[in-house]
Each structure stands twice: as structure tokens, then as C-alpha cells.
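Quick note: the coordinates plus some simple rules give every number you see, no bench work behind them. Predicted model only: the values in this text are computed from it and were never measured. All Cβ positions, glycine included, derive from the backbone under ideal geometry; neighbour counts span all protein chains shown.
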Amino acid sequence: MARSKGFQGIVGRKKGTTWGTAVAAGALDGLEVLSLDPGDAGTGAIEDMQITGRVTVRESSPGIKSVSPSFETALRYEGNEPDIAQVMGTAGAPSTVDTSAKLHVFKIKDNIDGIFNALAYEYLKDTFVGEIASVKWTKLTISGAAGERIKIKLEGIGIAWINDSAINTTTTIDTVTLPANREFAVFQQVVFLLNAQSGGSLSGSDAVHISAFEIVIERGMEARVSTQFGDRTDEPMDTGFAKISGSFTVPAIQNNSPGGNTALDAEQVTLTRKKATLTITSPTLAGAVSAPYFHKLWLPNLQIGTGRPGIPGPEGPTRQFPFTAFHVTTIPTGFTAGYIDAVTWENQSQRATDALA
């Protein structure tokens with residue numbers, strides 16, 4: 001008797017070409033997940049509310065097939081480029097920095113029609129592979145806390161779930177591989193810089209010493225069903241603005257440097273505009289001589305949201321600062337030309353190909 005075991009799971013995702021038509025995941029399409037949830041992968045029921053002379057009702061008719069998959073994984077310096085690119089929408093061929101080091105720049109694309117994945121995962125070894133032929137990833141969350149690996153989570157809208165695909169099978173799933181570089185981004189490698197949006201270039205003196213952070217990139221998308229697919233969704237479309245938000249937590253409230261943060265309380269009241277970068281740098285080189293592996297998120301325009309310090313008890317209070325980020329028309333001092341989006345994500349690795357190819 002075969003029984004499913006989570007540690008045997010194999011997960012692959014691959015860029016699709018036609019919504020509703022699966023493609024097989026294979027070499028370098030793999031993911032080492034912490035968890036994967038297919039979402040409400042079922043068929044909605046249309047209840048029979050007609051009066052029949054009985055207190056109970058008759059059986060339902062099948063309705064819409066809905067599926068909202070998500071997965072969470074530890075962020076790697078190489079291997080998550082396709083996941084970031086799917087939500088951001090703009091990738092392109094990377095630039096060479098130092099022989100083998102390749103710099104990927106992910107920007108927010110206004111229209112991500114035609115950008116989606118096929119998702120496949122083996123949940124019963126050599127017996128069943130779950131497949132969602134097309135998934136539009138609509139939300140990305142990157143988060144970290146002291147003493148942990150950085151995590152990345154994707155949530156999306158899929159067309160339907162099956163476990164008898166002729167495309168992603170128990171044979172094809174065994175061809176799924178991961179990049180050779182397996183180094184993970186960890187919290188102690190984080191540097192968070194923050195100063196006035198109209199101020200000078202960010203530098204070490206602008207460091208805010210944080211104990212946790214979260215940045216959320218969410219598309220305003222919804223599923224819409226038509227006669228094209230009958231009981232399944234068309235490719236999801238934008239029905240609202242994308243939102244970039246997040247928070248950072250300081251381990252103590254203090255007004256001395258380094259790490260002074262009491263001024264941020266007053267700036268919450270006035271919605272003072274800030275700019276920030278969050279950089280996660282590996283001690284390992286992606287290049288031949290210089291150029292380490294890294295992730296860097298550029299936020300040219302953000303405002304800190306509500307929240308006030310309190311006294312939780314005899315212990316010193318921690319402090320979380322929520323924020324929302326916005327795009328700009330003028331690049332702030334010290335930012336790279338063209339980085340006008342609410343967030344721009346740089347990833348330096350050894351991947352030499354377009355993450356959306």
C-alpha cells in the first residue's frame with residue numbers, strides 16, 4: 001500500500017503559452033517548497049432551492065470549478081527569478097556584471113496578460129501528480145525575522161485542478177531539477193536603509209536596525225468565467241490597482257544612534273514621504289572576482305502608516321511600522337535611473353537566461 005508523504009513531494013512550475021493548456025515542468029523548473037496548497041480545488045455546488053413538499057432539498061448541480069493555489073519557500077539567491085518575474089511582469093535578459101554574475105532587474109508591468117505558469121506536484125509517489133494547467137500569480141510576499149531564512153510566498157488564481165494529466169505525469173515529474181546553487185538568503189544578511197524621499201543618497205548612516213520585515217506585491221485581479229471555458233475561469237484580469245505594502249519591526253524604541261527610530265512616530269502623523277532599500281547580500285560570489293549573490297528591493301516613495309507606541313508590560317516594547325509604497329515620476333537622489341516603480345527588484349545570480357523566457 002502506497003501512502004503519501006510530504007517529504008517525497010516534487011514540485012515544478014513552468015511558464016505557459018496558452019491559458020488552459022498545460023506544459024510539462026522539467027529541468028530547472030523545480031521548487032523546494034515549505035508548503036503547497038492547491039486552494040479550494042473543487043467544484044462549486046448550485047443548490048436546488050425548489051419547493052418539493054419536503055423539508056430537505058434535492059441534490060445540487062455542478063457549478064464553477066475554482067482553484068486558488070499558493071506555495072511558500074525559503075528564498076534562494078538563484079532559483080526564484082521566475083517567481084518574482086511572474087508577479088512583477090518585466091524581466092528580460094540579465095546583464096553580465098563580472099563574468100558569471102548576472103544581474104536581473106524586475107519591474108512592475110502595467111499589463112501582465114499572457115504571463116502565467118503551469119503548476120505540477122507529485123503528492124503520492126509514482127502514483128498521482130496534481131496539476132493546475134494555468135495559474136496567474138497575483139500576490140507575492142517576501143518576509144523575514146531574526147534567526148530565520150527569508151521566505152517568499154506566492155498566491156494565485158488557477159483554471160482547475162486535476163490528477164490525471166497527460167502532460168505532467170509521474171514520468172515527467174521525475175525530470176524536474178533545481179539550479180545547482182542552493183544558497184539561501186538569511187535574515188542576518190539584511191540591510192534596511194531609510195531616509196527622507198527628498199533627501200540625499202542612502203548610506204550606512206540611514207540604516208534602521210530591524211528585527212523583522214514584510215513586503216507585499218499584490219495585483220488587483222479577479223477570476224471571471226465566460227462561455228470560453230464554461231465552468232472554469234478565463235485568464236484573470238486586472239480589475240483594480242496593484243498595491244505595494246509592508247512593514248518593518250524594530251526590536252526596541254530608542255532615540256539614540258545608531259538605530260534611533262522615535263522620529264518615525266511623528267512622521268506617521270504627517271505621512272512624511274520616505275525612500276528605502278532593502279538589501280540581502282550573500283558572502284558567496286556569483287562573479288569570478290567580485291559581484292556577490294544578492295537581492296535588492298528599491299522603494300523610491302513610501303509613507304509610514306498608522307500605529308503608535310504603547311506599554312505592553314514590564315518588558316520593553318517592540319514597534320512595527322506599516323507602510324505603503326508608490327511610484328514616482330522623478331527619481332530620488334541616489335536611485336538608479338528608470339527605477340520609478342513603487343518597487344524595483346534586483347537579483348544577482350548566475351542564471352544567464354530571461355526569467356520569463
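Some notes on this structure:
- Sum of side-chain charges, ALA25 neighbourhood, beta-carbon under 9 Å (Lys, Arg +1; Asp, Glu -1): +1
- Ellipsoid fit via the Cα gyration tensor, region 9-154: semi-axes of 38, 17, 16 Å, each the root of five times an eigenvalue, largest first.
- Cα-based equivalent ellipsoid of region 148-190: semi-axis lengths in Å, sorted from largest, via gyration tensor: 31, 18, 6
- For q = 0.12, 0.13, 0.23, 0.28 Å⁻¹, Debye-computed log10 I/I(0) when each Cα of region 156-228 counts as one equal scatterer: -0.78, -0.84, -1.15, -1.24
- Stokes-Einstein D for region 198-357, Kirkwood Rh over Cα pairs, 4 °C, 1.567 mPa s (µm²/s): 69 µm²/s
- Scaled against the 2.2 N^0.38 Å expected of a compact globular protein of N residues, the Cα radius of gyration of region 158-286 reads 1.61.
- Build a GNM of the chain with springs between Cα atoms under 10 Å apart, and of GLY92, GLY114, GLY338 the one that fluctuates most is GLY338.
- Distant alpha-carbon pairs in region 74-149 (separation over 21 angstrom), percent: 47 percent
- The residues packed around LYS153, meaning those with a beta-carbon under 12 Å from its beta-carbon, carry a net charge of -4 if Lys and Arg are +1 and Asp and Glu are -1.
- The chain - charge dipole about Cα centre, Lys and Arg +1 at Cβ, Asp and Glu -1, debye rounded to 20: 440 debye
- Using just its DSSP H runs of length 4 or more, each adding -39500 (n - 2.57), the chain gives a mean residue ellipticity at 222 nm of -1000 deg cm²/dmol after division by all residues.
- For the chain, the Cα gyration tensor yields ellipsoid semi-axes of 39, 26, 20 Å (square root of five times each eigenvalue, largest first, whole Å).
- The chain: most fluctuating residue of ALA180, ALA207, ALA118 per GNM, C-alpha cutoff 10 Å: ALA180
- Here the Gaussian network model covers the chain, with springs between Cα atoms less than 10 Å apart; of ASN168, ASN255, ASN80, ASN255 fluctuates the most.
- Descending principal axes extents, region 82-122, alpha-carbon based, whole Å: 35, 33, 12
- Each other residue within a Cβ distance under 15 Å of LEU278 adds +1 if Lys or Arg and -1 if Asp or Glu, for a net charge of 0.
- Cα coordinate range in region 17-88, projected on the principal axes (Å, largest first): 64, 27, 23
- Averaging the sequence gap over all C-alpha pairs within less than 8 Å and six or more residues apart, then dividing by the number of residues, gives the chain a relative contact order of 20 percent.
- Mean separation of Cα pairs under 8 Å and 6 or more residues apart, divided by the residue count, gives region 124-218 a relative contact order of 36 percent.
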